[in-house]
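Written out below as structure tokens is the structure these notes cover.
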Amino acid sequence: MNYPSDLKYTKEHEWIRVTGDEAYIGITDFAQSELGELVYVEVETVGETIAKDEIFGTVEAVKTTSDLFMPVSGEILEFNNKLDEADGDNPGLINEDPYGDGWIIKIRITNPDDLNGLLSAEAYTSLVG
């Protein structure tokens, strides 16, 4: 499994890549491997401000559906159109490239202090074994 050291992680298996006051969020390599082949991603919260630990969307795999949780409070600016059924419709990008083309949302961080409670790559690796 791959857990890039430049990202922060949650116990719910989301990652966040911070660039200034904005960030990209997706699910970890561990999460996508546990879920299996992803067939649908739903994010209907673009334009909304979502609090840390609140649900911002769902991912659907062949066997199950899983909620997506905000790692930090923020305004959702964008949903990755490559995953969107109206555009690219390729949720499998999350399986193929969870930290690159498989990102799910872009946000504007509204409470930077939330970043302090996230896990490092080392801590996340310990969590998932």
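Each reported figure results from applying straightforward, stated rules to the coordinates on display, with no laboratory input. Because the structure is predicted, anything quoted here is derived from the model rather than measured. Here the Cβ is made from the backbone with ideal geometry for all residues, glycine too, and neighbour counts use every protein chain on show.
Exposure proxy ranking for Val59, Val46, based on other Cβ atoms within 10 angstrom of each Cβ and starting from the fewest, stands as Val46, Val59. Length gained on full extension, Thr64 to Leu127, computed as 0.36 nm times the residue gap minus the Cα-Cα distance: 20.5 nm. Computed over the chain with a Gaussian network model linking Cα atoms closer than 10 Å, the most mobile of Asp29, Asp113, Asp97 is Asp113.
Using 13 Å as the cut-off for backbone N distance, which residues of segment 103-117 belong to the label zone defined by a point 7 Å from the Cα of Asp53 along Cα→Cβ? Output list for this probe position: 114, 117. Of the three principal axes defined by the Cα atoms of the chain, the extents in descending order read 36, 35, 21 Å. List the aspartates and glutamates whose Cα sits under 17 Å from the Cα of Lys82, skipping any in the same chain fewer than 8 residues away. Lys82 reaches Glu37, Glu42, Glu44, Glu60, Glu96, Asp97, Asp101. Under a model in which nothing but the beta-carbon of Lys, Arg (+1) and Asp, Glu (-1) is charged, the chain shows a dipole of about 380 debye around its Cα centre.
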